Amino acid sequence: MDIPGAALVLEWSFMYVFRMPRPREFEPDTVLNQVMLRFWERGYQATTVEDLVKATGVKPGSLYSAFPGGKHALFLKALERYSRLVVPQKLGELEAPDASLAEIRGYFDGLVRDLLSPEGRQGCLLVNTAIEKAAVDDEAAAVVRGHLARLERCMTHALENAGRRGEVRAGLDGAGSAKLLVATCQGLMVVGKANPDAALLRAVVDNAFAALVV
């Protein structure tokens, strides 16, 4: 039996279903985590599009549709995600308002522990980026500078607290010493990747701290 208007309803229903966008078949945050880990493990240049596809399980067309801008844009998003998720874990209590000399030492000791582990030897994604990309990639360099400025602010604040508590030598230039400590920890990570010798790494840290109290 023909029902008046049924054909029209079915036709419009079909058109509606046909025109609906297909639902995204992956979780963007999960994909970015995999992208971040692959760049962290291999670096920018050595990571191919095929590597990212394999790591995420997402086809290139879908990957770049969700994250326009290609491999470089994905890399910048990976740096942003690393800064937001991994860096706070590494800084730990150094970012606390009452951080002082013990928290600075805790940060350095954590770096040494990481560098003495197989996983930790892959280093910091931002330090690796500074070595590989900062001289030729302004956008990546800006992210690295932001990270270094964040670390320097933490160090300066902690040293100022330490000065008020008498934990460092009188008259210590907190801002200048913070810059030196930031440079020391970046160098420590580079040395640790090439020569993960416990005695060497701890000697670097001990000498940096000796300058704060003597």
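Bear in mind these aren't lab numbers, they're just calculated from the coordinates by the rules spelled out. These figures come from a predicted structure and were not determined experimentally. Using ideal geometry, Cβ is built from the backbone for each residue, glycine included, and neighbour counts are taken over all protein chains shown.
Could you check the spin-label model distance between Asp29 and Lys179? Points 7 Å from the Cα along Cα→Cβ, value in nm.
Reported label-point gap for Asp29 and Lys179 is 3.9 nm.
Could you tell me the calculated FRET efficiency between Val87 and Asn195, based on Cβ-Cβ distance and R0 = 22 angstrom, to the nearest 0.05?
0.35
Can you give the net charge of the other residues whose Cβ lies under 11 Å from the Cβ of Leu180, counting K and R as +1 and D and E as -1?
In short, -1.
Viscosity 1.567 mPa s, temperature 4 °C: Stokes-Einstein D of the chain from its Kirkwood Cα radius, in µm² per second?
Translational D for this selection: 64 µm²/s.
Normalised by the number of residues in the chain, what is the relative contact order in percent for Cα pairs under 8 Å and 6+ residues apart?
For the chain, the relative contact order is 19 percent.
Please pull out the direction-averaged projected area of segment 113-214, using the convex hull of its alpha-carbon atoms, in nm² to one decimal place.
Its average projected convex-hull area is 6.9 nm².
For the chain, with a Gaussian network of springs between Cα atoms less than 10 Å apart, report the residue from Val136, Val86, Val53 with the top mean-square fluctuation.
Top of the fluctuation ranking is Val136.
Please work out how much length the chain gains when fully extended from Glu152 to Asp138, using 0.36 nm per residue of separation minus the C-alpha to C-alpha distance, in nm with one decimal.
Full extension of this stretch gives 3.0 nm more.
Multiply the residue separation of Arg169 and Asp51 by 0.36 nm, subtract the distance between their alpha-carbon atoms, and state the gained length in nm to one decimal.
Stretched out fully, the Arg169 to Asp51 stretch lengthens by 37.4 nm.
What does the helix-only formula give at 222 nm for the chain: each DSSP H stretch with n ≥ 4 adding -39500 (n - 2.57), the total divided by the residues, and the result rounded to the nearest 500 deg cm²/dmol?
So the calculated ellipticity at 222 nm is -22000 deg cm²/dmol.
Let me have the relative contact order for segment 134-214, percent, based on Cα pairs under 8 Å that are six or more residues apart.
Rounded, it is 28 percent for segment 134-214.
Highest first, please rank the peptides 190-198, 140-148 by the mean number of other Cβ atoms sitting within 10 Å of their residues.
Per-residue mean Cβ counts within 10 Å order the peptides as 140-148, 190-198.
Can you list the lysines whose alpha carbon sits under 24 Å from that of Lys77, skipping same-chain ones fewer than 8 residues off?
Reachable lysines: Lys54, Lys59, Lys90, Lys133.
With N denoting the number of residues in segment 24-78, provide Rg(C-alpha) divided by 2.2 N^0.38 Å, to two decimal places.
For segment 24-78, the normalised Cα radius of gyration comes out at 0.97.
So, counting K/R as plus one and D/E as minus one, what does the shell of residues with Cβ under 12 Å around Asn33 add up to?
After counting each charged neighbour, the total is +2.
Could you grab the relative contact order for segment 40-125? Cα pairs under 8 Å, six or more apart, rounded to a whole percent.
Contact order relative to length: 28 percent.
Looking at the chain, which longest stretch skips every one of the GluC sites (Glu not before Pro) that is in a DSSP loop with at most 12 other Cβ atoms within 10 Å, leaving the sites themselves out?
The longest uninterrupted stretch comes out as 120-214.
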